[in-house]
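One structure is given here, and the rest of the page talks about it.
The values are calculated or read from the model by the stated rules, or taken from the named source; none is laboratory data. Just so you know, these numbers come straight off a predicted model, no measurement behind them. Don't worry about glycine lacking a Cβ; one is built from the backbone with ideal geometry, like all the others, and counts go over all protein chains shown. Surface areas here come from the heavy atoms of the whole protein model, side chains and all, with no ligands, DNA or RNA. Shrake-Rupley method; radii C 1.70, N 1.55, O 1.52, S 1.80 Å.
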Amino acid sequence: MEYFLELFLGGLTRGSIYALIALGYTMVYGIIELINFAHGEIYMIGAFTALIVSGVLTLLGWNALAIIVIASIVAVIYSAAYGYTIEKIAYKPLRNAPRLSALISAIGMSLFLQNYVLLAQTSDFLPFPELIPEFGFLEPYSNFIRSSELVIFAVTAAVMLGLTFLIKFTRIGKAMRATAQDKMMASLVGIDVNRVISVTFIVGSATAAIGGVLIASHIGQLNYYIGFIAGIKAFVAAVLGGIGSIPGAVLGSLVLGWTESFFTGYVSSDYEDVFAFLFLVLILIFRPAGILGRSETEKV
Amino acid sequence: MLELRNVKSYYGNIQALKGIDIRVSEGEIITLIGANGAGKSTTLMSVCGVVPPRSGEILFMGEPIHGMSPNQIVSLGISQVPEGRRIFPYLTVMENLDMGAFLRNDRVSIREDIDYIFELFPILAERRNQAGGTLSGGEQQMLAISRALMARPRLLLMDEPSLGLAPLVVKRIFEIIRKINEENNTTIFLVEQNANQALKVAHRGYVMETGRVTMSDTADNLLTNEGIRKAYLGM
Ligand SMILES: Nc1ncnc2c1ncn2[C@@H]1O[C@H](COP(=O)(O)OP(=O)(O)OP(=O)(O)O)[C@@H](O)[C@H]1O
Ligand SMILES: [Mg+2]
């Protein structure tokens, strides 16, 4: 039972991180029908930014709480700026080009950012400081839950709630929903569609950066390649849940996280990544639009 | 109020408007009639900035608006009821109306306008929490008109509001068009295939053929014009 619980919480941790990344994929897809392949790199850049900032602040002798808060904030701002800029230079000029052009541009962006970080940093894994302290009250349960996991759950839940509020109730959120449903009509009611697209990239990048910081401090290391793997898995999760659907992205992420965790725990840890994709193929055979996806015919 | 001067618009290499001149004065209902593919919708989209003209000028209240983005043009007081209604399918009726008032932030008068619209179209009040995509064609058309009115436009562009609707609903829509014009002094630019009804409600009319305006006159004169009667009124 304890082992089950450990796997369950491990899956929830993975799922939470996937969800933080998958949100960006699904929101961007919902608005401009583009798979932003550079999104995983945004997450990686968020983690690196936090690494650098926390390194500097540690040298300055700041306390752990201040370091993680400031490192996260800087990472979020920096990644959001990257997301915003990528859209402006790599996607916006191709808005009216064939869809494949933007997709290729996205893949190019992804490779560019990976190699840029590779050159600026190193290909080795770098240690990431343990920014999240061990909570005393978790001591008795330390066999199956770490305090970093608890922080991951809490932060992810808060982000999801915040995002739901943003999309449901705020002016920009309503503009995002309208733009996702009909861009031309959105502009005809006075919505600045370009601005909505920018905000979407900024929000998606910010949540991915939060995921990057959390996972790096949970695992304790990172390199330029982490965005690629995590990005692809989060993409799988987004497709699994129904690309374009926000609850779908969260659900798909949790399903994928748990499946991976239980599979590696009870069956074999050798084929973890293969399994994620096998799972994707299976789901899509039976539900081509994903778990919560709207089938195309439903679109007006 | 609105003036198009030698407007030429393209879709890629295809020229859809070959130099259009149209004037609309404040408080008028003008109608633009013409066969399929004549360029009527393109004319409205050019005014709205969705298909920006490649040459020529569009003036609104004396100021050039060609080259502005669609959202800027809306903010000047131009709203469109587009062809095919384009209701936001997953937003509720209420949310669709709310989107129409996107650029306004006067809560109280928005509320009043919604009450006015529910008086105009009681069925929308009944359906207020239903998703736009689940409404019938006629209800969607009422919602599209209402959404445009929620912006309190000075100029309302309507693209074939009667298309595909039952005769009774068509009659109701044209009554509403007249009512909006008379009660709110809203200027209306009406594109219609239903030339007979359109000319009855309009003050003046323009006739379009393959990207050009071929005739313009008072609505009464067009209604009795032999050529128009043959080509567009089926008499
Ligand atoms: N998105 C587009 N891409 C390419 N060509 C287009 C596009 N939209 C319209 N056209 C062309 O431009 C011309 C004018 O079209 P438009 O839609 O303005 O006609 P219309 O008068 O509104 O016709 P209808 O009465 O059928 O609505 C047509 O020849 C049409 O094929
Ligand atoms: Mg048309």
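Structure notes:
- Annotation: of all residues in region B:70-100 being more than 7 Å from chain A (Cβ to nearest Cβ) and in contact with an Asp or Glu (Cβ under 7 Å, 6 or more places away or on another chain), the one that is least open to solvent (accessible area, probe 1.4 Å) is B:Val81.
For every residue, the table says whether it meets (1) in contact with a Gly (Cβ under 8 Å, 6 or more places away or on another chain); (2) of a type outside the set (D, E, K, R).
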| site | (1), (2) |
| --- | --- |
| A:Gly212 | yes, yes |
| A:Asn223 | no, yes |
| A:Glu260 | yes, no |
| A:Phe263 | no, yes |
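- Any chance A:Thr156 is in contact (Cβ under 8 Å) with a residue 12 or more places away in the chain, out of contact with any Pro (no Cβ under 7 Å at 6 or more places or on another chain), more than 11 Å from every other protein chain (Cβ to nearest Cβ) and crowded, with 19+ Cβ neighbours inside 10 Å: yes
- Just one residue in the set B:Ala195, B:Ala202, B:Ala219 is within 15 Å of ligand 1 (Cβ to nearest atom) and either of a type in the set (A, V, I, L, M) or more than 18 Å from the chain's Cα centre (by Cα) (or both); that residue is B:Ala195.
- Number of the condition not met by B:Leu163 [criteria: (1) away from chain A (no Cβ under 14 Å); (2) within 20 Å of B:Asn71 (Cα to Cα); (3) aliphatic (A, V, I, L, M)]: (2)
- The condition of being within 12 Å of chain A (Cβ to nearest Cβ), within 13 Å of ligand 1 (Cβ to nearest atom), on the phi > 0 side of the Ramachandran plot and at pLDDT below 95 holds for only one of B:Gly12, B:Gly37, that being B:Gly12.
- Residues that are open to solvent by less than 60 Å² (accessible area, probe 1.4 Å) and among the basic types (Lys, Arg) within region B:204-235 comprise just one, B:Arg204.
- Close contacts from region B:60-86, counting a first residue that is more than 17 Å from B:Ala101 (Cα to Cα) and a second that is within 16 Å of ligand 1 (Cβ to nearest atom) and among the hydroxyl-bearing types (Ser, Thr, Tyr), with Cβ to Cβ under 8 Å and a gap of 6+ residues or different chains, come to B:His66/B:Ser46; B:Ser69/A:Ser187; B:Glu83/B:Ser41.
- Test: A:Ile232 is more than 14 Å from chain B (Cβ to nearest Cβ), over 28 Å from A:Glu134 (Cα atoms), β-branched (Val, Ile, Thr) and outside any helix (DSSP H, G or I): no
- Within region B:23-34, the set of residues being within 28 Å of A:Lys183 (Cβ to Cβ) and either in contact with a helix residue (DSSP H, G or I) (Cβ under 7 Å, 6 or more places away or on another chain) or near ligand 1 (Cβ under 6 Å from one of its atoms) (or both) comprises B:Leu32, B:Gly34.
- Residue in region B:32-41 that is part of a helix (DSSP H, G or I) and either touching a strand residue (DSSP E or B) at 6+ places or on another chain (Cβ under 7 Å) or free of Cβ contacts under 8 Å to residues at least 24 places away in the same chain (or both) present: yes
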